[in-house]
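Here's the structure, in structure tokens; my notes come after.
The values are calculated or read from the model by the stated rules, or taken from the named source; none is laboratory data. Note that this is a predicted model, so its numbers are computed, not measured. Don't worry about glycine lacking a Cβ; one is built from the backbone with ideal geometry, like all the others, and counts go over all protein chains shown.
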Amino acid sequence: MERIGAVLIDIDGVLTVSWEPLPGAVEAMEALRAAEVPLALVTNTTSRTRAAIARRLADSGFPVGPDDILTAPAVTAAHLRERHPGARCLLINTGDVRGDLSGVPLVEEEDGEGAVPDVVVLGGAGAAFTYAALNRAFHLVQQGAVLVAMHRNLYWRTADGLDLDSGAFLLGLEHAARTEAVVTGKPSGAFFAAALAHLGADPARMLMVGDDIETDVLAAQHHGITGVLVRTGKYRPETHAAAEGAPDHVVDSFADVPALLGLPGS
């Protein structure tokens, strides 16, 4: 593992659960910082902006700032600015991420019938994923609107257990509208390309640490990145066993990563 020169780290389920630090996670992050290992936090979280995430993590003791974080909303905004410049977008998302969607014209309910969206953007599930909102998205896609999804996550881990995420609704919408969404967050190639560019690292010398074997670990390995699966967060033994590939490494938690990298004192 001495060849590893940079580390990508998922947040939810790896560093925190319901934004509370997992045991040993802060100390492991501090060990990476002390060893001057370049790192980036890569997340499909759609409930907070990069700045808000950085503040929440810093308040919990993690030595990170906004520039260390790459989110699905930020990559989505870059995709929309490049592929659909000026397009009017309907955003269905639980949480306020407008701060990471600069340059993306968003259509509001009160804008009236004249402001018909050109693109439907699905973020993270929650209270905003009502029947009315999803049915509106269904109608718009049938009428020709492009469907973009920030991720395909089926569920995520909370303090109360696993909760449904937007991927479960996206599958139904795609099937009903007979279309396929463009996915911008993990596991898309665009997301990992953005992460590689962010760190300026060679994938052969990069590590990805995640709790989702498909979206985090196997997707990273597909792009030539070494994959590490942690047994925290959404990890489930049955999902691990049924996966179409095997992680390069499996550890109990993020606290084990410094030792995996052979860092001094670990």
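Quick notes on this structure:
- Filtered residue count, region 124-153, keeping only those that are out of contact with any Leu (no Cβ under 7 Å at 6 or more places or on another chain), surrounded by 14 or more Cβ atoms within 10 Å (Cβ to Cβ) and in a loop (DSSP other than H, G, I, E, B): 7
- Residue within region 179-188 that is outside any strand (DSSP E or B), among the small types (Gly, Ala, Ser), at pLDDT 95 or above and touching a helix residue (DSSP H, G or I) at 6+ places or on another chain (Cβ under 7 Å) present: yes
- Number of positions in region 229-256 that are farther than 15 Å from PRO187 by Cα, aliphatic (A, V, I, L, M) and either within 16 Å of the chain's Cα centre (by Cα) or surrounded by 17 or more Cβ atoms within 10 Å (Cβ to Cβ) (or both): 3
- In region 154-164, the qualifying residues are those that are assigned to a loop (DSSP other than H, G, I, E, B) and in contact with a strand residue (DSSP E or B) (Cβ under 8 Å, 6 or more places away or on another chain), and the one that is surrounded by the fewest Cβ atoms within 10 Å (Cβ to Cβ) is ALA159.
- Verdict on ALA168 being out of contact with any His (no Cβ under 7 Å at 6 or more places or on another chain), in a loop (DSSP other than H, G, I, E, B), of a type in the set (A, V, I, L, M) and surrounded by 14 or more Cβ atoms within 10 Å (Cβ to Cβ): no
- Some residue of region 213-232 being modelled with pLDDT of 95 or more and among the hydroxyl-bearing types (Ser, Thr, Tyr): yes
- Cβ-Cβ contacts under 6 Å between residues 6 or more apart (or on different chains), taken from a first residue in region 213-226 that is in contact (Cβ under 8 Å) with a residue 24 or more places away in the chain to a second residue that is part of a helix (DSSP H, G or I), are listed as ILE213/HIS240; HIS223/PHE192; HIS223/PRO203; ILE225/PRO203.
- Subset of region 145-164 that is more than 15 Å from the chain's Cα centre (by Cα) and at pLDDT 95 or above - its residue that is nearest to SER47 (Cα to Cα): LEU147
- Test set (1) without any contact (Cβ under 8 Å) to a residue 24 or more places away in the chain; (2) surrounded by 14 or more Cβ atoms within 10 Å (Cβ to Cβ) - VAL116 fails condition number: (1)
- In region 1-11, the residues that are crowded, with 23+ Cβ neighbours inside 10 Å and either more than 19 Å from THR232 (Cβ to Cβ) or modelled with pLDDT under 95 (or both): none
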